[in-house]
Every structure is written in C-alpha cells, then in structure tokens.
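Scroll down for the structure; my scribbles are underneath it.
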Amino acid sequence: MALESLGRALNSALKKLARSTVVDEAVIKEVVRDIQRALITSDVNVRLVLDLTKKIQKRAIEEKLPPGISRKEHIVKIVYEELTNFLGKEAKPIEIKEKPTILLTVGIQGSGKTTSVAKLARYFQKRGYRVGVVCTDTWRPGAYFQLKQLLEPFNIEVAGDPNEKDAIKLAREGVRYFRERDVDVIIVDSAGRHKEEHGLIEEMKQISGAINPHEVILVIDGTIGQQAYNQALAFKEATPIGSIIVTKLDGSAKGGGALSAVVATGAPIKFIGTGEKIEDLEAFDPKRFVSRLLGLGDIQGLLEKFEELSKEHEFKEEDMEKFLKGKFNLKDMYAQLEAMQKMGPLKQILQMIPGMSYSIPEEFTREGEQKLKKFKVIMDSMTEEELEHPERINYSRVKRIARGSGTSVRDVKELLNQYNQMKKFFKGMNKRKLSRLAKKFGGMGLGGFGI
C-alpha cells in the first residue's frame, strides 16, 4: 500500500463517519478500527498504531464538544491533531543564515541521494538562492555526470572530478571553488555507502572535519519501512546538526513505516521525495502532510506553488485580475496551462484542493494530463487573432484548426467549451474565498467529507 493508498483508506474511514446518522461509541470504535487497519497495512509499527488510535478513541468518546462544532467535525479534528502530533507536530525548515550555507548529504547506496541533491539544489534556487553543488562520490563515477545532466537545464553548476579518488580533497576544493564565486548555498554530495552504517557515519565525520558544514542531511529510502529506525537513530546520535530526507514516498508500500520510524527516533525530517521529477521534493510539514493525507487539502501549499510560478514567469497583478474577473482569452489560458504543467503532475495539484484528494479516479488525472497537452497542440494551430478573440472562431475555423493540429472538430469544440467554463468558474472565484478555505479549522477543509 503506497502513501496514496493509505490516504484513501483514512479518507474512507472519515467518510464512513460522515455518512453515519448517529455518531455513538460503536461508530467511533468502528472508525478507529479502520484507521488502525490503514496504518498497519502501510507498515507503521503496531505498538505505535495502537498507542495512537487509543488516544483518538479516548478523546473522541470523552472530550466535551467545543461550541459551534458538530461531533463529526470534532472527531475529524481529533484524528487530524493526533496524526499531526504523531508525525512531529511542527515543520523544521533548513535555515539559510550564513553566506554561504554549506549542506553535506550522506546516505546508503540506492537511497536516492544523488537525485535528492539535485532536487534540493533546485528547491533553493526557486527560492532565490544562488546554489553550487560539489560531487565527492569517488565510488560511482556516474554520480558526477548524473548531477550535471539533472542540473545543467537550470544553470546550476556542479564541481567535481570523476577521476579523483580522494573524497576529502574533492570536498575541500569544491567548497573553496564556490566560496570564491559568492554562492548562497553549497550542497556537497558524498559517496553512497553500502548497507553499513559505521562506514557511512565515519565518512560523514571525515568530510565534516574538512568542510565544517552548517547541516548534515541523511537521505533515507522510504521503501525500507521500519528499518529506517536504525539508520535514523545511528545518524542522530552521531551528529547534533542532522536532518533527514525520506525519498520514494510516491509508490512505496512502506512509506508510512519509514516516516513513523524516523519520527520515533526524534530525528527531524525536513524534506520528503514525492516523485521522480526534479521538482518532486517538498519541505516536510506534518500539519500540511496529514491534511492532504486525510483528503482535507492544502490550500496554503497551492497558493505557495502559484506564488513560485508568479516569480518565475513574472505574472503581473493585472494578469491575476483578468482571471478572477473572467476577462482572459485563449492566449492567456495557453500561458496558464504552460505554467500549470510546471507546477507538477495534475494529481498532486488536485490533492491540495479540499475534498478533491481521493474523490477523483486515477484515470481522470491521466486523461487530464493528456488533455492539457492536446489543448496546447490545438492552440498552437490557431492564429494570433483567434487566440486573442476566441469568440470569432466559427465552424470553418474550427475545421481548419482541427486539420492543422491533427485533432478532431470535437476536440477543438471541447477546448472552446472548457475555455468558456473556465471563464465562468473564475468569475465566481476570488481571493477571499481561498482565504476562508485556508482558515477553516486552521487550514482543514472539512467540506470534502460532507460534514
């Protein structure tokens, strides 16, 4: 069961609560049993699951209802709060205080460390920092070329020498190189060790002594489940400034086990890897993570993605106003489709919208991605006049556009129909509505459960 499946199971348990006409002790116990099954199937430690669900059940049965909240809403709030506490309560970001801030990454071979270094570099670049990456992997010559291939499209420089066998020398020289170039963040990628924690910790100490990093980051493979406990514990005991990235959480049956195992050690999880693309790394915030897992959405995360895009594409206030007033044309819509594709897979975006996370079938999101691509091809076959004045597109123009784009008349009409629907949608949408959604229950959009 992947994390998405865990989310579906938890979501299903809460929907069972929403459908109940009377919420008595029997219903509460049944919902708690469903939550237990969902977590245990996702490889979370049985003792931890029993402790967690015992707290949920006790609070749901015994707590007095706060004013103005129904029992159903209160129980969802309890589940949300206890799961959040279980996963660490508060987000612990990496702080960029000094210039340059030096980050050293370590990890067992196959953990996804090199890819995570590239993702981390891109993460900081998107937030306005100048980033340099140092490759000190003397065991795997391909690591240097892999980093260059991943980061060249974003103009992030990689320092290293695949022929050099002295990792300490590579680290020292790479850090000196980027210090001279006045970068803000230097990320040092060390060699992936084989499954032997002592060697991993020893190399970390040697390179740390040479470059004096501000923070050491352990990359843990999310597919190892509860075994993550030993790695995280050994690392936490070896360094007081450690933080953790848990990778491969997009398709692992053991993702819940890995996350809970790391949290149990008290080691801070700062990022999670949610996919294969370079953008698929997100800062770990227990509140927002649990909110999405339960299908409650993440409006704040969605707004942040839009903010990132606006910086990258220089969206102006008047562009946003055009959309909110429904006064945009196909040319504007084309620019927005391009931007949306850069936000990540459609499925990930939908998971941030309250009530949408698990209500939309997989085939819909796949079909949605294909449609976005098809719509862009159709618009590429339109004239400037047609893009700026869609209302002038008559049937003969529709036929010409279909021929030029290798699509059908029906496809072109569907695009125009979607455009008109989108205009209506944005006319009824405004920032105030989004703010209300974000504030509801401290960011919890309970409406998705019909509660």
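Values in this text are rule-based calculations from the coordinates and carry no lab data. Predicted model only: the values in this text are computed from it and were never measured. We place every Cβ from the backbone using ideal geometry, glycine too, and count neighbours over all the protein chains shown.
When the listed pairs Lys248/Lys373; Lys277/Lys331; Lys97/Lys126; Lys254/Lys376; Lys254/Lys373; Lys99/Lys119 are checked against a 29 Å cut-off, the alpha-carbon distance exceeds it for Lys254/Lys376; Lys254/Lys373.
The calculated FRET efficiency for the pair Leu416 and Lys277, based on their C-beta separation and a Förster distance of 25 Å, comes to about 0.20. Close amide H pairs (under 5 Å, H built 1.01 Å from N) link Ile102 with Ile186, His214, Glu215, residues at least 5 positions away or on another chain. Think of each Lys and Arg Cβ as +1 and each Asp and Glu Cβ as -1; about the Cα centre, that makes the dipole of the stretch 149-225 roughly 180 debye. Our coupling estimate for the stretch 380-395, obtained by passing each phi through the Karplus curve with A = 6.51, B = -1.76, C = 1.60 and θ = phi - 60°, is 5, 8, 8, 7, 4, 4, 5, 5, 7, 9, x, 5, 8, 7, 9, 5 Hz, Gly and Pro reported as x.
So if I take the centroid of the Cα atoms in the stretch 19-47 and the same for the stretch 147-190, what is the distance between those two points in Å? Using only Cα atoms to place each centre, the spacing works out to 49 Å. The dipole here belongs to the stretch 26-160: it is taken about the Cα centre, uses +1 on the Cβ of Lys and Arg and -1 on the Cβ of Asp and Glu, and is about 200 debye. Between rounded, prolate and oblate, where does the stretch 79-198 land on the alpha carbon gyration tensor, with a ≥ b ≥ c its root eigenvalues, rounded for a/c under 1.5, else prolate if a/b exceeds b/c? Oblate. Each 10 Å bin, from zero up to the one with the longest distance, holds this percent of the alpha carbon pairs of the stretch 139-240: 12, 42, 35, 11, 0. Taking other residues whose beta carbon is less than 14 angstrom from the beta carbon of Ala60, and scoring Lys, Arg as +1 and Asp, Glu as -1, yields +2.
Placing +1 on each Lys and Arg Cβ and -1 on each Asp and Glu Cβ, with no other charges, gives the stretch 15-68 a dipole about its Cα centre of roughly 60 debye.
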